[in-house]
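Structure first, commentary second.
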Amino acid sequence: MSTSSSSKSSSGSNNNSHHSTHEVTNQFPDWTDYDLLATDPALNDALERAGAQWSQPALSAYAQQLGSARTFEWAELANRHKPQLHSFDTRGRRVDRVEFHPAWHSLLGMYREQGLVSLALEDKDGSPQKGRWVAWAAGFYLHGQVEQGTLCPATMTQASIPLLQREPALWAALGEKLLSRAYDERDVPAAEKKSIWIGMGMTEKQGGSDVRSNTTLARAVAGGGRGAEYALTGHKWFYSAPMCDAHLVVAHLDDDNGPLGCFYVPRWRPDGRKNEVRVQQLKDKVGNASNASSEVEFEGAFGILVGEEGRGIPTIIEMATYTRLNCVLGSAAILRSATVQAIAYTRKRTAFGSVLAEQPLMRAVLADLAIESEAALLLSMRLAQAYEDDATGDPLARAWKRVMTPAAKFWVCKRGVELTGEAMEVFGGNGYVNESIVARLFREAPVNSIWEGSGNVMCLDVLRALSRERDALQVLFADFSHAALDEPRLAKALHELHALFTAPPEQLEGIARLLVQRLVLLAQACLLLRHAPAAVSDAFIATRLASPTGLSGVVGAIDTRGMDIDALLERALPR
């Protein structure tokens, strides 16, 4: 009898525990397990234009690896489990070690082993390989669609290579390790490693972007001069990726009023001791959570002068020229990922009796995202090609590299912030929870706009470049004019922009954001007219060059009448 009673009780308990209040329907996870390259016609077209078809087999394999559910999971884990600073070991010795989640190492290792750190800067059989800059940019763009934080040390390391190649002693010791495809996460002296990472240290508390107000001092140990040893004392307010094997650091030589120099500051001294670079704390950032950014103090840290005395800012700005390109690519990747996730989701989810992607107002939002994404991609790839062509002395490539790099960084990075917010809204509440891919994209987007020079700094740099290279604007306008010959809307926009640039010099700074915005929109329109399907270029010109400010309003506030939205969405993400 007791057995029967017990069984009855157990049965009742099981029924209650398995009772379900509802069945989950019409809910879909973030889109993963897809081929990032095969689903991107515009990127494939860019590779073909650049003559970089040779890179497609390797990029295709990488795109499939990146798009796997496992890699997306690594991205989520690396950002959820933030880097941890360990200042001391168990016996009180100062170690200043930053611990990363294993997923970080998996992602960073993937990038390094793909050869993307050095691809754009390597020669093949003694000569540069055609299309190598676009091939590298495509790999960077693909990686950035899945995880962005790991691109920070990769970006700085790549940008350091041209600088260090001009320092014979340093290059002899480091060159092979900088170009290496082997991933080595060990915290040991560079001489013992298979590959190394390089970071940057420019800004200080009192100055930020005003690097000339730095107070860090570098005193010559013996003799001084290029390639000589210095002892650095001071601080850096943002010291990117403190676990890098070395950093390039700006400091005054000898006294507060001395000229600025750029210094190679390794994590380990040549005698095998840890260098006197004290990590004070890690930054608790809005996004970019997988990557460590720190505050440091130098207590007589070992450094080697890179470049000429008094040329510290031009030296580090040369490095920033490369990293700014990476910011543009990173934001274009964020735009691409947000657009893909939004289209994939709305093609499955229904609301108010129909599939979201078939509802007119949602289609306007999706179309606007698709237009912006392809325009950002074409601009990024054109910039990458300019970095390759600049080596041949091409004046147009020089103008693109010097003027359009800061211009594109201003505009594309700003658009990344706005459009990721719109993409998040496509998902409603599901997009606003931290586990969502689009939520991480939204938190990540501002870093590219702020790092390596905020929006105002970029616009001022455009004006500075045009004042120093007076033929650059004329060269760019001549290029745009060819595209505008058979397109009256472009011709009108070009004429209006030219008139703005003839304003008195004292007025230009106040309208610099307007100038740069319209310059980029015009460049994007020309590129789309040349290289994109008519549905894309027509939609861009109609929606971006129609109003006095170049934009018609918030995302989706566009006139879709006559617009081939089916073609736009199929181009953005083929079914």
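The values are calculated or read from the model by the stated rules, or taken from the named source; none is laboratory data. Just so it is clear, the structure is predicted and the values come from calculations on it, not from any experiment. Reconstructed Cβ throughout: ideal geometry from the backbone, glycine too, with neighbour counts over all protein chains shown.
Some notes on this structure:
Residue-wise test of (1) within 28 Å of the chain's Cα centre (by Cα); (2) in contact (Cβ under 8 Å) with a residue 24 or more places away in the chain; (3) surrounded by fewer than 21 Cβ atoms within 10 Å (Cβ to Cβ).
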residue: Glu496; (1), (2), (3): no, no, yes
residue: Glu506; (1), (2), (3): no, no, yes
residue: Arg518; (1), (2), (3): yes, yes, no
residue: Cys526; (1), (2), (3): yes, yes, no
residue: His531; (1), (2), (3): yes, yes, yes
residue: Ile565; (1), (2), (3): no, yes, yes
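- Restricting Gly207, Gly175, Gly201 to residues that are out of contact with any Asp or Glu (no Cβ under 8 Å at 6 or more places or on another chain), within 24 Å of Asp461 (Cβ to Cβ), without any contact (Cβ under 8 Å) to a residue 60 or more places away in the chain and of a type outside the set (A, V, I, L, M) narrows the list to Gly207.
- Helices (runs of 4 or more DSSP H) completely within the stretch 393-486 that count 1 or more residues being under 30 Å from Gln341 (Cβ atoms): 405-426, 429-432, 437-450, 455-468
- In the stretch 224-244, residue farthest from Glu299 (Cα to Cα) [restricted to those that are in a strand (DSSP E or B), in contact (Cβ under 8 Å) with a residue 60 or more places away in the chain and not basic (Lys, Arg)]: Ser240
- The stretch 94-116, residues that are assigned to a helix (DSSP H, G or I) and either of a type in the set (A, V, I, L, M, F, W, C) or modelled with pLDDT under 95 (or both): Ala103, Trp104, Leu107, Leu108, Met110
- Note on the stretch 18-53: residues that are part of a loop (DSSP other than H, G, I, E, B) and either more than 21 Å from Pro574 (Cα to Cα) or out of contact with any Lys or Arg (no Cβ under 6 Å at 6 or more places or on another chain) (or both) amount to 25.
- Residue within the stretch 172-182 that is surrounded by fewer than 14 Cβ atoms within 10 Å (Cβ to Cβ), modelled with pLDDT of 95 or more and basic (Lys, Arg) present: no
- Selected residue (criterion: farthest from the chain's Cα centre (by Cα)) from residues of the stretch 211-223 that are crowded, with 18+ Cβ neighbours inside 10 Å and in a loop (DSSP other than H, G, I, E, B): Thr216
- Only one entry of Arg112, Arg93 meets the criterion of being charged (D, E, K, R), farther than 20 Å from Leu441 by Cα and touching a residue at least 40 places away in the same chain (Cβ under 8 Å), and that entry is Arg112.
- Residue in the stretch 91-112 that is of a type in the set (Gly, Ala, Ser), within 20 Å of the chain's Cα centre (by Cα), surrounded by fewer than 20 Cβ atoms within 10 Å (Cβ to Cβ) and within 24 Å of Glu435 (Cβ to Cβ) present: yes
- Among the residues examined, Gly208 qualifies as within 22 Å of the chain's Cα centre (by Cα) and surrounded by fewer than 16 Cβ atoms within 10 Å (Cβ to Cβ).
- Inside the stretch 149-207, residues that are under 18 Å from Ser106 (Cα atoms), of a type outside the set (Ser, Thr, Tyr) and part of a helix (DSSP H, G or I) make up a count of 4.
- For Thr420, the conditions (1) among the hydroxyl-bearing types (Ser, Thr, Tyr); (2) over 23 Å from Ala384 (Cβ atoms); (3) modelled with pLDDT of 95 or more are fulfilled apart from (2).
- Count of the stretch 282-313 residues, restricted to those that are outside any loop (DSSP other than H, G, I, E, B) and either at positive phi or of a type in the set (Val, Ile, Thr) (or both), is 5.
- Scanning the stretch 61-83 for residues that are without any contact (Cβ under 8 Å) to a residue 60 or more places away in the chain, more than 14 Å from Leu142 (Cβ to Cβ), not small (Gly, Ala, Ser) and not in a loop (DSSP other than H, G, I, E, B) yields a count of 3.
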